[in-house]
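Asker: Here you go, one structure.
The values are calculated or read from the model by the stated rules, or taken from the named source; none is laboratory data. Given the structure is predicted, the values throughout are model-derived calculations rather than measurements. Every residue, glycine as well, gets a Cβ built from its backbone with ideal geometry; the counts of neighbours run over all protein chains shown. Side chains included, ligands, DNA and RNA excluded: accessible areas come from the protein's heavy atoms. Shrake-Rupley method; radii C 1.70, N 1.55, O 1.52, S 1.80 Å.
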Amino acid sequence: MGTRSKTETGNFFEDFTVGQAFAHATPRTLTEADAALNVGLYGSRFAINSSDEFARRLGLPRAPLDDLMVFHVVSGKTVNDISLNAVANLGYAEFRWGVPVYPGDTLSVRSTVLGLRENSNRESGVVWVRSIGTNQKGETVLDYGRWVMAHKRDRAAAVGAPVVPKTAAAVSPAELFVPAGLALAGYDDGAAGSAHRWEDYEPGERIDHVSAMTLEDSDHMFSTRLYQNTARVHFNAHTAKSTRFGRRLAYGGHVISLARALSFNGLANGFRVAAINGGSHVAPTFGGDTIYAWSEVLEKAALPGRTDVGALRVRTVATKDCPCGDWPGKTPDGRYHPAVVLDLDYWLLMPRR
Amino acid sequence: MGTRSKTETGNFFEDFTVGQAFAHATPRTLTEADAALNVGLYGSRFAINSSDEFARRLGLPRAPLDDLMVFHVVSGKTVNDISLNAVANLGYAEFRWGVPVYPGDTLSVRSTVLGLRENSNRESGVVWVRSIGTNQKGETVLDYGRWVMAHKRDRAAAVGAPVVPKTAAAVSPAELFVPAGLALAGYDDGAAGSAHRWEDYEPGERIDHVSAMTLEDSDHMFSTRLYQNTARVHFNAHTAKSTRFGRRLAYGGHVISLARALSFNGLANGFRVAAINGGSHVAPTFGGDTIYAWSEVLEKAALPGRTDVGALRVRTVATKDCPCGDWPGKTPDGRYHPAVVLDLDYWLLMPRR
Amino acid sequence: MGTRSKTETGNFFEDFTVGQAFAHATPRTLTEADAALNVGLYGSRFAINSSDEFARRLGLPRAPLDDLMVFHVVSGKTVNDISLNAVANLGYAEFRWGVPVYPGDTLSVRSTVLGLRENSNRESGVVWVRSIGTNQKGETVLDYGRWVMAHKRDRAAAVGAPVVPKTAAAVSPAELFVPAGLALAGYDDGAAGSAHRWEDYEPGERIDHVSAMTLEDSDHMFSTRLYQNTARVHFNAHTAKSTRFGRRLAYGGHVISLARALSFNGLANGFRVAAINGGSHVAPTFGGDTIYAWSEVLEKAALPGRTDVGALRVRTVATKDCPCGDWPGKTPDGRYHPAVVLDLDYWLLMPRR
């Protein structure tokens, strides 16, 4: 009586054990509505996600849902068990998309704890998890590792010996998943919005995406709720007043999706985000910030057995309130330009000639 | 010429007669989009409304639309005829949901005036109506009574003798509608997000839902428009400047849905709102307010002929800018804690062991 | 390397040639979600777009998407090629809707340059284009002319002799497209929300739509993104600070849709926008503005071979922060009342008795 016993308060560092498995709550059936909301929230213009006809010409049954939206939904489900008491999201690795997700598919997510290491201050520790999102047929739609810094509930709580998993520095091109049936002979550059194909990009090339998008509190809260992500820092303006920022923080994934939508201007034919090699939410963003982005081509790779599609490794940097014509990124001393909010290294699939 | 003759200005107290019937305008086909928007607007995480697969395991054809969204759509249709000139929404009674609503169902609403009583100041009066929402097959999806205080157009207008209908203090558990085909043997606590079933709750038990959600003007206006609710106080910041609040008021139903979404943390297995016994919008809410909620178990009831599902009578109190660990509610003198905005008494269906 | 060569910066006046054809990027499959968002964004209550059952009683397969949403989607696709460097949208002509658009239809858009005339200051010029939106079967869903003033990139650039196309002053009633199979014998005034049919309106009649809607930045940006419209003035609060307005401008189409939704109160049976004769975005609107509207009946026309449906030519004027009971429009000196933001002349279809 009068207790909070039925209220979940999330796991703290000392609650995790290596090998621990979670089947996260609230499976979600994605629909055409999620596709439309992805357009409305971010302004995405990639034809494969916008037009059933375009997708069918590529051998797919219909327009798949945006790859990043799949990530947001999968990631959102892990929050309540993994990162409700997280201080920070530290990194991603071995992050690969699997089969495309279509309207009507129901996603479920499970996670396994891969590693744990208490910080020297004994106030917190790093938790490594691998999360796998699957559809209703059990097929993997996304598989990724991430590590977060989690608070301890009790500084004195005993914890096990550190276990630090090895993660690959990047996803190998040979490991990128190409959707079954995909065939790009009928790829329509005009409908896609760009004549630039895989052959036209070179490592070292930089692209200023020029346009920008101002973020509103209403928008980032809506998208974060849509992903059933319960991280409190995004939703509570009342308690945020007494934090060091004084405001709600936008969900970092919202900025990733905005940067992806902005990157259309220069990377319109990068029709699928196939993997993330690493990424950092360099600084928080807030309602009222205007997001800009630029990209750099890091690497090109052919794909085994494919002549119609290649992989482009891209780094996209997003800033706030700072146009990107001067490529704001890391300064010579290794620190970031103060306007940078995101630095993401990922693989795109792109049609070849 | 130059007249307003084609413009509806709504009914005033003296326009109503006991027994008067309304078939409200604009039937609405609900779709998967409404389901997604319910998630995006409120952050709802109840598995039955989120996953077609989860719903099918319970014997339903697919995920039904959120019960409160059905209420909002039904209620919204009545505004133009019943409450466009209302001063206040005074109460609800005999408020029961019927058959579940699925994407593709089209809802229509009709209302009957049950009672009328002029106030002693002759400026206004109370109007009792019963409203019934039906689907395209004529099945009842929601049936409820409410009473509102409506302005008179003309203080001097003659009105009939008072007719005050009797309403039950609460919906009896035996009257709660259990959807046909519902069978909870396959209910998955893990997917639903809680191991607490009907047996685990006791009358008197209190649950602090802990999390909170800040309300934005853009959000409550969007949801209120989505329900085709035309109540002007929610939409016009220009004329609101000269009201006593100086601002637009959020639709009270928006707060009910936020409180329901927050209540997931502690009541995740309360998979269906089956009835409302009574409720009060204790104070208005505005863009910028942060909504918190707590609940108290009032009563438990078995359902006739069912061993897999029981009913839990719950009171949920929502506040603004006030965490609920101290159970803000009615103070000993019978008045409400100044932070309280909603006090709702309702029946949930919950799986039994 | 280090270039912006892959970034589209849009066409300038001197880039256009008469007869030039564009197949615009990013076809879009419209869905039930777009229908729901049209309700949520504007509060539209027209029964034909809200209820599949209502639409079927009129001989249509299901509820078609809102006519103005079709315009917004078609128009949005033209921006990147036609008006990214436009100073202003000057006018519309010969603007007719074709076959209705249903959920699942995929829209593509092409445009042809009809005329070009450099301004005397040589800084800019007027570009006339005709744009045609088609569905996946190649049927026309919208066909319209518009002219915009476009910047020159280089004042000194040589341009051709002026070509100024002739456009009709209004769409002739005989040219209005009536959807195949449409039959209004079963038209339900009660469900539609009005007993006023075509016979009840007379030229010269004015209707104050009374209600109003406050515009939020979050709302107009969402809708403009939903239409994949890339016009930068709507999205970038950072650079907007140094413009003469100091703020983001709302997409003019957002105001058209708000005015249409408001016009329901008085024109509820104007179930289809069939054509636009002309229109002017008289003044910009911004987040925080409250939109009001009034309409005037300009003309009535029977339709060839139809006794069940007639055409009503209506002028709708929208204002900001100004109720419309005094019909704010053009003042005697030919200038607009300072509150006017939109003046639109269009044809509605309406059931006859």
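Asker: Out of the range A:195-214, which residues are within 30 Å of A:Gly288 (Cα to Cα) and either in a loop (DSSP other than H, G, I, E, B) or more than 8 Å from chain C (Cβ to nearest Cβ) (or both)?
Answerer: Correct list: A:His209, A:Val210, A:Ser211, A:Ala212.
Asker: Here's something else I'd like to know. Return the residues of the range B:3-55 that are over 24 Å from B:Thr134 (Cβ atoms), open to solvent by 20 Å² or more (accessible area, probe 1.4 Å) and either among the hydrophobic types (A, V, I, L, M, F, W, C) or part of a helix (DSSP H, G or I) (or both); say none if nothing qualifies.
Answerer: Answer for the range B:3-55, where residues must be over 24 Å from B:Thr134 (Cβ atoms), open to solvent by 20 Å² or more (accessible area, probe 1.4 Å) and either among the hydrophobic types (A, V, I, L, M, F, W, C) or part of a helix (DSSP H, G or I) (or both): B:Phe12, B:Glu14, B:Asp15, B:Glu53.
Asker: Which of the residues belonging to the range A:85-108 are in a strand (DSSP E or B) and either under 28 Å from A:Arg62 (Cα atoms) or of a type in the set (S, T, N, Q) (or both)?
Answerer: A:Asn89, A:Glu94, A:Phe95, A:Arg96, A:Trp97, A:Thr106, A:Leu107, A:Ser108
Asker: Only one residue in C:Gly278, C:Gly305 is more than 14 Å from chain B (Cβ to nearest Cβ), free of Cβ contacts under 8 Å to residues at least 40 places away in the same chain and surrounded by fewer than 20 Cβ atoms within 10 Å (Cβ to Cβ). Which one?
Answerer: One residue alone meets the criteria, C:Gly305.
Asker: Further, regarding this structure: State which residue is most open to solvent (accessible area, probe 1.4 Å) when the search covers only the range C:244-257 and only residues that are more than 8 Å from every other protein chain (Cβ to nearest Cβ) and among the basic types (Lys, Arg).
Answerer: Across the range C:244-257, the extreme among qualifying residues is C:Arg244.
Asker: Now a separate question. Within the range A:331-347, is even one residue closer than 25 Å to A:Asp200 by Cβ, open to solvent by 10 Å² or more (accessible area, probe 1.4 Å) and not in a strand (DSSP E or B)?
Answerer: No, every residue in the range A:331-347 fails to be closer than 25 Å to A:Asp200 by Cβ, open to solvent by 10 Å² or more (accessible area, probe 1.4 Å) and not in a strand (DSSP E or B).
Asker: Report yes if some residue within the range B:234-243 is more than 9 Å from chain A (Cβ to nearest Cβ), open to solvent by less than 20 Å² (accessible area, probe 1.4 Å), within 30 Å of C:His209 (Cβ to Cβ) and part of a loop (DSSP other than H, G, I, E, B); otherwise report no.
Answerer: So far as the range B:234-243 goes, yes, one or more of its residues are more than 9 Å from chain A (Cβ to nearest Cβ), open to solvent by less than 20 Å² (accessible area, probe 1.4 Å), within 30 Å of C:His209 (Cβ to Cβ) and part of a loop (DSSP other than H, G, I, E, B).
Asker: Next up: Report whether or not C:Arg315 is free of Cβ contacts under 8 Å to residues at least 40 places away in the same chain, over 23 Å from C:His254 (Cα atoms) and basic (Lys, Arg).
Answerer: Taking the combined requirement at face value, the residue does not satisfy it.
Asker: So, one more: Does B:Thr224 satisfy the condition of being facing another protein chain (nearest Cβ under 10 Å), touching a residue at least 12 places away in the same chain (Cβ under 8 Å) and within 18 Å of the chain's Cα centre (by Cα)?
Answerer: Yes, satisfied.
Asker: Ok, one more. Please tell me if C:Arg313 is within 29 Å of C:Val101 (Cβ to Cβ) and surrounded by fewer than 23 Cβ atoms within 10 Å (Cβ to Cβ).
Answerer: yes
Asker: Look through B:Thr29, B:Thr7 and report the one residue that is free of Cβ contacts under 8 Å to residues at least 12 places away in the same chain and of a type in the set (Ser, Thr, Tyr).
Answerer: B:Thr7
Asker: Does A:Pro351 qualify as being more than 22 Å from A:Val141 (Cβ to Cβ) and in contact with a helix residue (DSSP H, G or I) (Cβ under 6 Å, 6 or more places away or on another chain)?
Answerer: So A:Pro351 fits the description; yes.
Asker: Filter the range A:56-72 for residues that are part of a helix (DSSP H, G or I), within 14 Å of chain C (Cβ to nearest Cβ) and within 16 Å of the chain's Cα centre (by Cα) and give the result.
Answerer: Listed by number, the list holds a single entry, A:Met69.
Asker: If you check B:Gly181 against the conditions, is it over 24 Å from the mean Cα position of the chain (by Cα), of a type in the set (Gly, Ala, Ser) and within 14 Å of another protein chain (Cβ to nearest Cβ)?
Answerer: no
Asker: Can you tell me which of A:Ser111, A:Ser75 is in a strand (DSSP E or B) and either within 14 Å of chain B (Cβ to nearest Cβ) or under 24 Å from A:Arg232 (Cα atoms) (or both)?
Answerer: Sole residue among the options that is in a strand (DSSP E or B) and either within 14 Å of chain B (Cβ to nearest Cβ) or under 24 Å from A:Arg232 (Cα atoms) (or both): A:Ser111.
Asker: Counting only residues that are open to solvent by less than 10 Å² (accessible area, probe 1.4 Å) and without any contact (Cβ under 8 Å) to a residue 60 or more places away in the chain, which one in the range A:64-105 is farthest from A:Ala259 (Cα to Cα)?
Answerer: Ranking the qualifying residues of the range A:64-105, first place goes to A:Thr78.
Asker: Look at B:Gly266 and say whether it is under 25 Å from B:Ala191 (Cβ atoms), in a loop (DSSP other than H, G, I, E, B) and under 21 Å from the mean Cα position of the chain (by Cα).
Answerer: No: the conditions fail for B:Gly266.
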